[in-house]
Amino acid sequence: MEKLSFKEYLESKKQLLKTLGECPVQSLSYNVTKYCRLIVGERDDKMAVLLKPGQTIIVEWQYQSVDDLEPKPLSIRFGDNKEIDPDEDFQTYWKSNKLIKWLTKNSTEV
């Protein structure tokens, strides 16, 4: 085990504290398990995306803190869907708990 000098210890501690201040972002993939639709867009300009079993939904979640249990959905992308570009990002006006409930009901996390 390599010993750290006091200066290296202080630098590593400073770097850890800086990292703790940043909001972590996590990208999770979900596999659709049944025929369903997901509403994306804003309240005034919303659209329903039709999904089939086997298609993939990729959601980027932003956590306000490390202990945050209800992250905020930053973007939604759809893989394996011929009608939608897989690189196009969508937003939703749904609250995070409603989106999590919908994902739990209609998909499984990959």
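Where a number appears in this text, it was derived from the coordinates with a stated rule and is not lab data. Everything numeric here is computed off the predicted structure, so don't read it as measured data. As a convention, Cβ positions derive from the backbone with ideal geometry for all residues, glycine included, and neighbour counts pool all protein chains shown.
Count of the stretch 80-110 residues, restricted to those that are under 17 Å from Tyr35 (Cβ atoms) and surrounded by 12 or more Cβ atoms within 10 Å (Cβ to Cβ), is 7.
Which of the residues spanning the stretch 74-101 are in contact with a Phe, Trp or Tyr (Cβ under 9 Å, 6 or more places away or on another chain) and touching a residue at least 40 places away in the same chain (Cβ under 8 Å)? Scanning the stretch 74-101 gives Leu74, Phe90, Trp94.
Residues of the stretch 80-96 that are in contact with an Asp or Glu (Cβ under 7 Å, 6 or more places away or on another chain) and farther than 23 Å from Asp45 by Cβ: none at all.
Here the strands (runs of 3 or more DSSP E) wholly within the stretch 1-66 that include at least 2 residues being closer than 25 Å to Asn97 by Cβ and touching a helix residue (DSSP H, G or I) at 6+ places or on another chain (Cβ under 8 Å) are 25-32, 36-41, 56-62. Scan the stretch 67-106 for residues that are out of contact with any helix residue (DSSP H, G or I) (no Cβ under 8 Å at 6 or more places or on another chain) and among the polar types (S, T, N, Q) and jot them down. Answer for the stretch 67-106, where residues must be out of contact with any helix residue (DSSP H, G or I) (no Cβ under 8 Å at 6 or more places or on another chain) and among the polar types (S, T, N, Q): Ser75, Asn81, Gln91, Ser96, Asn97, Thr104, Asn106.
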